[in-house]
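Only one structure is covered here, and it is reproduced in the block below.
The values are calculated or read from the model by the stated rules, or taken from the named source; none is laboratory data. The shown structure was predicted, so the numbers you read here are calculated from the model rather than taken from an experiment. Every residue, glycine as well, gets a Cβ built from its backbone with ideal geometry; the counts of neighbours run over all protein chains shown.
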Amino acid sequence: MHDETSPSTPDGAARPLSAVLEEVVRTGIALAAAEVARTRALAEAGHLALEVMAGQRPTSRAAELALREVASELAAAENSSDRSMQRQITRAMTLVDDYPVTLAAWESGQISRTHAHVIADIGSDLPLDKRGDLDRLAIDHAQGLSPGRLRSRLAVLAERLHPTTLTERHQRGRDTRCVRVIPGVDGMSDLIATLPTVLAVGIYDRLTQQARTLIDHRTGAGLTDNAPDTARAHADTARSSAAGSRGGATGHPAVSAGVSTVADSTVSGAGPSTTQGATGTTTTTTTDERTTAQLRADILADLLLTAAPDADPTRTDGGPGTLGTIRARVQIVVPALTVLNPGTENLDPAELVGHGPLDAHTARTLTEATTLAWDRVITHPVTGAVLHTDTYHRTTAIDRHLRARDRHCRWPGCTTPAIRCEIDHTHDHALGGPTDITNLAALCQRHHTQKHHTRWAVRQHPGGVLAWTSPTGRTYTDEPLPYSPAIRFLPDDPPPPDPHQPAPPF
């Protein structure tokens, strides 16, 4: 994403916004310089704490106590938590010591604090001698990227710097999987499951699909009608079936959850109730107003506790409802050479779109297990740009190409995977825009709506490059993320030594 300021502004109504935008950018740069000054001061405080240990036997316990002592001093002066202050000091020392290029870019306003923290987080698993390489790579790739997109791109680049393979580290990471409960307040608690990323994303996606199906059903079914007519029931069945089928026709591997589920209406108090009055029995209906987040929680609880829920609003007869047919969806890019030669996975790792690298073993397992068609992506051997996609299902070739090219929503900075996006005509079809890959792009529902109902405008250039024009006249360019090139250029081998030349003295 690149920002280009137009020399002219649109109508007079936009000029105040333009002035505000300039003020936000200007103060942001000043704030960045102040934040870096504070970061350097916190790092210096940490170094002073470690200098106190000079001449003593260095141990991790002694270092931690020295940092805690200094952190407590600073926290008391700022009326803050010493634990929080110690974390700030540790992060500041990491940025100052290991990421000087990143710190300089942050200080000049080229990147934000969030970008800098993303870089430090991605490098936390790298050996110390490799962090300098990541530091330089990060700034080379950070220009025009949101923190979310930078995280995805750096996660892939960092794999090439690791001395061990992703598969080896994933196997160690799997040993940490667990489920734990953290008590909260007001009778609430957090149930936290630490799982392999592909499973966690799949679970979340399936819960989201099921929640949205319930919302779509209640919106169109008219829950206030106690006895919907036959036509309404048939319409509900068709609508629910369509919503359920969307999860299975994606052309990408699906993570199967294996059981049907539904949110139990008794959890939130939704559903019909009967009251006895003086004139007889009156039946009333309580409208289900649960949000998507609340429905996710209710469906998860119902699935884990019952595994065979009785209440399913999408059922129109005695059979199973629509929710049980919904399966999780994840979008995965698996380089062919990585599948054939897993030992090279660090050079070009498989990717769980929107979340980062995926170990070769998991990618290969999904490749072998899925019954859905894979999209073969033909890329340029040097630039990595998408040239062509093909598969046996010709009717969805354009969608497959766009998912492969765009990978995620094409609104500047958005990281919603393309499988959860809508395909939008850049130049409206109603106004003559063709249904062609040169005029189509993936947009999530939020940004698709924003494109059509705000003053933002967009044009598509060759190669799928989108140029977004804001209400103030500024242009933000969003380019498709290229795939890794198939050809890599390596330095020439040094010439053999001349036997007639004397050996160097050192």
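Within the bounds of the range 371-391, is there any residue that is within 28 Å of Q210 (Cβ to Cβ) and at pLDDT 80 or above? No, there is no match, as no residue in the range 371-391 is within 28 Å of Q210 (Cβ to Cβ) and at pLDDT 80 or above.
Out of curiosity, is A457 in contact with a Ser or Thr (Cβ under 7 Å, 6 or more places away or on another chain) and over 15 Å from L402 (Cα atoms)? For A457, the condition - in contact with a Ser or Thr (Cβ under 7 Å, 6 or more places away or on another chain) and over 15 Å from L402 (Cα atoms) - is met.
Restricting attention to the range 58-65, does a residue exist that is at pLDDT 90 or above, of a type in the set (S, T, N, Q) and loosely packed, with under 11 Cβ neighbours inside 10 Å? No, that holds for no residue. Checked against (1) more than 23 Å from the chain's Cα centre (by Cα); (2) buried (at least 18 other Cβ atoms within 10 Å of the Cβ), T469 meets all criteria but (2). Sub-7 Å Cβ pairs linking a first residue in the range 338-352 that is aliphatic (A, V, I, L, M) and at pLDDT 75 or above to a second residue that is surrounded by 15 or more Cβ atoms within 10 Å (Cβ to Cβ) and part of a loop (DSSP other than H, G, I, E, B), at least 6 apart or interchain, are L347/R160; A350/V334; A350/P335; L352/V330, ordered by first then second residue. Taking into account only those residues within the range 433-476 that are among the hydroxyl-bearing types (S, T, Y) and touching a helix residue (DSSP H, G or I) at 6+ places or on another chain (Cβ under 7 Å), which is farthest from A397 (Cα to Cα)? The qualifying residue farthest from A397 (Cα to Cα) is T472.
Just for helices (runs of 4 or more DSSP H) wholly inside the range 99-192: which have at least 2 residues that are surrounded by 15 or more Cβ atoms within 10 Å (Cβ to Cβ) and among the hydrophobic types (A, V, I, L, M, F, W, C)?
100-107, 113-123, 128-142, 147-159
Looking across the range 81-123, the residues that are free of Cβ contacts under 8 Å to residues at least 24 places away in the same chain and hydroxyl-bearing (S, T, Y) come down to S81, S84.
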